[in-house]
Amino acid sequence: MNDLAIFGGNPVRTKPFSSWPETNHDYGTALQKVVESGRWGVGSPLIKQFNETFAETQDAKYCISTNSGTTALWVALKAAGIKAGDEVIVPAYTFIATASAILMANAVPVFVDIDANTLNIDASQIESVITPKTKAIMTVHISGNPANLGHILAIAEKHDLVVIEDAAQAHGAEWNGTKVGAIGLGGIFSFQTSKNLSAGEGGAIVTNDEAFMEACFSYHNCGRVMGGKWYEHNHLGGNFRFNAFGAVMLLEQLKHLESEMVLRENNRNKLDEQISQIEGLTPIGRYAETTRESNHLYLLKYDSSKFNDVHRDNFFKAMQAEGVFTYKGYTPLYREALFITNPDEYPWLKDHDYQSLSLPVTENISDNEIVWLKQNHLLGNDDDLNDIIRAFEKVTGAIKKDPDKFRDLA
Ligand SMILES: Cc1ncc(COP(=O)(O)O)c(C=O)c1O
């Protein structure tokens with residue numbers, strides 16, 4: 001017991017894990033080419049080349065790149081016809097942008113609980129929140145693990161709703177052999193620093209629907225009309241365009257996406273195999289139709305009843321002392337202070353009381369069970385993985401042996 005780092009012993013890991021984003025790809029030549037072209041933004045052929053390449057990567061006909069995933073979400077909602085006061089169904093366990101983009105479109109996020117096995121929206125609960133104001137389901141592929149698209153698309157068809165995929169974390173992930181993003185009406189990706197493809201900041205919308213793509217073009221480009229005049233503005237859009245420096249960074253990274261996906265998959269499988277041997281720790285599951293995940297994060301669940309009721313947060317403290325940074329990630333979005341809304345600022349939300357909402361699975365996952373490891377832990381070699389596994393075994397073994405020592409860790 002005393003050999004646990006939190007009680008003064010030696011930590012399992014003292015070196016850092018792999019760093020992210022990858023800095024050793026050959027970016028220099030590509031960036032120099034952009035500098036010399038003098039076309040750094042709108043009209044750059046390199047942005048067009050990126051759009052075409054990323055569309056193909058995601059099995060989509062069209063791609064419009066943007067300056068972030070958040071703006072891509074807003075653009076996609078507007079292009080899908082979401083109007084003031086419309087309701088959009090979202091999972092409660094996701095990054096804030098999934099819901100805040102809906103508010104930014106003057107619409108109403110309606111939260112649904114998640115499936116405890118996959119942490120994606122629980123499709124069986126969607127129909128219970130549909131009202132005449134519901135216009136869309138914004139599904140999230142959390143951690144790059146596809147949501148139950150078969151069930152969600154069937155509900156959308158029955159109720160005449162559009163499906164927008166928040167695939168911000170799901171580059172390269174597949175549902176039934178097709179890449180996610182354009183399986184619904186359209187989907188968005190993020191290229192922010194932590195993502196599996198990163199340009200520092202950036203985003204994209206993919207779709208197979210030409211009219212939707214043209215509307216996205218307009219909303220992301222000051223309301224301009226595709227093929228129209230420079231000073232012709234048909235929608236209330238913004239300047240949410242991408243830039244050529246980011247485009248070439250991503251074109252370079254796309255050459256490595258497949259090999260990095262394979263590395264993440266192999267490492268995830270190794271972790272799943274070893275960690276599932278520890279009673280009380282359960283790796284996250286997937287739907288039968290999922291053919292590929294992007295493994296943006298490594299997620300698992302901690303069941304305190306198997307650890308004599310020692311809370312997960314105390315397990316985190318002991319893991320962090322061992323040099324393996326595990327943490328809890330998102331809180332249920334409706335608990336964020338943002339949802340204590342002022343009716344003068346958000347009049348269309350005056351009948352929505354987010355404070356009294358309670359979604360039990362989301363809350364249990366967030367408050368008690370979820371364990372996150374950042375994606376760089378999936379990019380290491382066998383020695384790195386062995387250190388992660390040893391830390392899990394060491395800490396969980398010690399908790400089971402002497403739980404009282406862990407109850408009130410500072
Ligand atoms: C699920 C999800 N949606 C949306 C976003 C927003 O993307 P960005 O940070 O590029 O605006 C993110 C990224 O952080 C995300 O993880």
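No lab work stands behind these numbers, since they all come straight from the coordinates. If you're wondering where the values come from, they're calculated on a predicted model, not measured in any experiment. Cβ atoms come from the backbone with ideal geometry, glycine included; neighbour counts cover every protein chain shown.
Starting with the highest mean, order 144-151, 87-94, 210-217 by the number of other Cβ atoms within 10 Å, averaged over the residues of each peptide.
Values: 144-151: 23.9, 87-94: 26.0, 210-217: 19.4.
Peptide ranking by packing, descending: 87-94, 144-151, 210-217.
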Original post:
What fraction, in whole percent, of alpha-carbon pairs in region 27-253 exceed 26 Å separation?
Top reply: 32
Original post:
Given 21, 43, 70, which one lies farthest toward the positive end of the charge dipole of region 17-89, if we put +1 on the Cβ of every Lys and Arg and -1 on the Cβ of every Asp and Glu?
Top reply: 43
**OP:** Any chance you could give the angle, 0 to 90 degrees and rounded to 10, that helix 149-159 forms with the longest Cα principal axis of the chain?
**Re:** 50
Original post:
So for the pair residue 236, residue 26, with labels modelled 7 Å out along Cα→Cβ, what separation do we get in nm?
Top reply: 4.8
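Computed over the Cα atoms, what is the radius of gyration of the chain divided by 2.2 N^0.38 Å, N being its residue count?
Values: Rg = 22.2 Å, N = 410, 2.2 N^0.38 = 21.6 Å.
Against the compact-globule rule of thumb, the ratio is 1.03.
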Original post:
If one takes the longest principal axis of the Cα atoms in the chain, at what angle in degrees, from 0 to 90 and to the nearest 10, does the Cα axis of helix 45-57 lie?
Top reply: 60
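For region 346-406, run through the trypsin sites (Lys or Arg not before Pro) and keep only the ones in DSSP coil with at most 14 other Cβ atoms within 10 Å of their Cβ.
Details: sites: 350, 374, 390, 394, 400, 401, 405; in loops: 350, 374.
Those that pass, being in a loop and sparsely packed, are 350.
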**OP:** Please give the FRET efficiency for residue 269 paired with residue 383, using the beta carbon to beta carbon distance and R0 = 25 Å, rounded to the nearest 0.05.
**Re:** 0.90
Original post:
Which semi-axis lengths, in whole Å and largest first, follow from the square roots of five times the eigenvalues of the Cα gyration tensor of region 319-408?
Top reply: 38, 18, 10
**OP:** Measure nothing fancy, just the Cα-based angle from helix 382-401's long axis to the longest principal axis of the chain, in degrees from 0 to 90, nearest 10.
**Re:** 50
Original post:
Under a plain spin-label model, where a point goes 7 Å from the Cα along Cα-to-Cβ, how far apart in nm are residue 291 and residue 407?
Top reply: 5.3
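First select every other residue whose beta carbon is under 15 angstrom from the beta carbon of residue 223; then total the charges, Lys and Arg +1, Asp and Glu -1. Could the numbers behind the result be given before it?
Details: positive: 78, 224, 229, 241; negative: 214, 232.
Surrounding charge for residue 223 is +2.
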Subject >> Relative packing of peptides 7-15, 291-299 - highest average C-beta neighbours within 10 Å first >> reply: 291-299, 7-15
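Suppose we look only past 18 Å in the calculated P(r) of region 118-194. What percent of the Cα-Cα pairs does that tail hold? Walk me through the numbers before you get to the answer.
Numbers: 1042 of 2926 pairs.
More than 18 Å apart: 36 percent of the Cα pairs in region 118-194.
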**OP:** Please give every one of the lysines within straight-line cross-link reach of residue 328, meaning a C-alpha to C-alpha distance under 30 Å, and leave out same-chain neighbours fewer than 8 residues apart.
**Re:** 15, 179, 195, 270, 301, 306, 317, 374, 394, 400, 401, 405
**OP:** Using a Förster distance of 25 angstrom, determine the FRET efficiency expected from the C-beta separation of residue 229 and residue 48, and round it to 0.05.
**Re:** 0.80
**OP:** Please report how far the C-alpha centroid of region 321-335 lies from that of region 48-98, rounded to the nearest whole angstrom.
**Re:** 26
Subject >> Model label zone, residue 342; criterion: amide N under 18 Å from point 7 Å along Cα-to-beta-carbon; scope region 90-113 >> reply: 103-104, 106
